[in-house]
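Quick notes on the structure that follows.
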């Protein structure tokens, strides 16, 4: 091919290359630049689709065809298609781009350098196919190189943030409350901070900011707050201990244990030991609060007792439960709008109402109420705070459309416990067809099949239609649905998924979105919420 075609082909290739760089950087960011989490993504069908590895394979095939047969026809068609798709996604605001943090920009620039190298070599040699094949290889390799060379910089920033956090904590000297668990920690943290604000000045970690770096940055921003509430998470043993070393918590709350991220921890025992690191790190005079509705928390409480830690317990109980707990909550009435419940602590009983969408939130509230009482918040203030409580965005966020459909956005995160709770909430919504749109639950390791079979059984009792956004969990869900497997529809195509969702939104249905959704669906949900807020 003559040089007159060199510039057009390179331009087509550069634009789509930038698109691929942004896609990979986005998913690396979602997986917190961790190779262990990214490896799990790479080995799943959903990950192959999201990273567009099939498209990458087609590009290699088209470029090799150009190299060996001298025809760029297929390559040009494919590059034009990818660029048009890029433009459409940007115009529709459905393209998933990373947050342009310093590290993301550094990784993007590393990849751009690889692209520039290929373009420069093509100009210099006049050989297109060979250099673009090398360029495609560099696009796959450079994100890893970007992570590796930025590691020392991130580590330096992390150490600096921790030093600043230590100084701020020593100067402000707040009561530090740390919340951990496999599920419910973000919600419990938010509920607890909301209640505490009725009596104290409070600072907290934002969103699901729960790594050592994230917690350190939040702590470093302390000014004169009386209480600091931190969410602390981990994917491996030892990570919580690193946070607790500078955090020095007085109160540790363990919300529940389940096999979330089991593929990273390796075993349920490792998950329990990782979370227990927070309890081990309590300062003198500190205490731990455990959710006794979880058998694994009860076991951890025994560890704490053996180690001389002060332990308090809470549980959402039913009639006939004769166990002894420091605080119990009993559901009196649940509606789609909220939950009426009774709290018993010692000899006192109090009735509360919370405008939350699902009885499972009462477990989070019970832990928050117990911790608040131990820190001296009055019952009256707790009761008032409960009436204005709200969950995190995209955590059982319920809105109604102009067409009468009820949308439940639970796409912030998905755990086995949270998924089951969302299904249970659907039973409160009567006289409506129930549709569940789910991506399944990743990183469950060797119990993936068992968990999804169970979820299929639960959905089969409630749902009229189940839409799965990938094929990773199709067989397991069908097995769980049993005779109702015909209600399962797999929409691996984004276009098909979008049109199916639009179809059900146009009717008097209730639609639950459970787990991470494709960007086009996320954008649609945002538009629905904005319209509902008018």
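Bear in mind these aren't lab numbers, they're just calculated from the coordinates by the rules spelled out. Remember, it's a predicted structure, so these values are computed and weren't measured experimentally. So basically every Cβ, Gly included, is an ideal-geometry build from the backbone, and we count neighbours across all protein chains shown.
In whole Å, what are the Cα extents of the range 212-256 along the three principal axes, biggest one first?
Rounded to whole Å, the extents work out to 33, 21, 14 Å.
Got the relative contact order for the chain handy, in percent, Cα pairs under 8 Å and 6 or more residues apart? Show your work: numbers first, answer last.
Values: 929 pairs, mean separation 59.5, N = 534.
11 percent.
Return the inverse of the average 1/r over all pairs of distinct C-alpha atoms in the range 173-386, which is the Kirkwood hydrodynamic radius, in Å to one decimal.
About 17.2 Å for the range 173-386.
Helix 295-306 versus the longest principal axis of the chain: what is the Cα-based angle in degrees, 0 to 90, to the nearest 10?
Roughly 60 degrees, rounded to the nearest 10.
Regarding the range 297-439, what are the three Cα extents along the principal axes, ordered largest first, in Å?
Largest to smallest, the principal-axis extents are 56, 33, 30 Å.
Would you kindly give the portion of the calculated P(r) for the chain that falls above 46 Å, as a percent of all Cα pairs?
Working: 26758 of 142311 pairs.
Roughly 19 percent, rounded to a whole number.
Go through 253-262, 159-168 and give me the packing order, highest mean Cβ count within 10 Å leading.
Descending mean neighbour count gives 253-262, 159-168.
Report the relative contact order of the range 346-504, percent, no decimals, based on alpha-carbon pairs under 8 angstrom and at least 6 residues apart.
Normalised by residue count, the contact order of the range 346-504 is 16 percent.
Sorted by packing (mean other beta-carbon atoms within 10 Å per residue), highest first, where do 416-422, 65-71 land?
Order by mean packing, descending: 416-422, 65-71.
Within the range 461-491, list the residues whose amide N lies under 19 Å from a label point set 7 Å along Cα→Cβ of residue 507.
461-469, 484-491
Highest first, please rank the peptides 459-466, 499-506 by the mean number of other Cβ atoms sitting within 10 Å of their residues.
459-466, 499-506
So for the pair residue 432, residue 532, with labels modelled 7 Å out along Cα→Cβ, what separation do we get in nm?
A separation of 0.8 nm, rounded to one decimal place.
Enter the angle in degrees (range 0 to 90, nearest 10) between the Cα long axis of helix 6-30 and the first principal axis of the Cα atoms of the chain, meaning the one along which they spread out most.
Tilt relative to the chain: about 10 degrees.
Express the C-alpha Rg of the range 397-533 as a ratio against the empirical globular expectation 2.2 N^0.38 Å, rounded to two decimals.
Compared with the compact-globule rule of thumb, the range 397-533 sits at 0.97.
Any idea what diffusion coefficient the range 3-152 gets from Stokes-Einstein, in µm²/s, Kirkwood Rh on alpha carbon pairs, 10 °C, 1.306 mPa s?
100 µm²/s
Helix 53-69 sits at what angle to the longest principal axis of the chain, using alpha carbons and giving 0 to 90 degrees rounded to 10?
For 53-69 against the chain, the angle is about 10 degrees.
For n ≥ 4 DSSP H runs only, could you compute -39500 (n - 2.57) per run for the chain, divide by its residues and tell me the 222 nm figure to the nearest 500?
Value at 222 nm, helices only, nearest 500: -17500 deg cm²/dmol.
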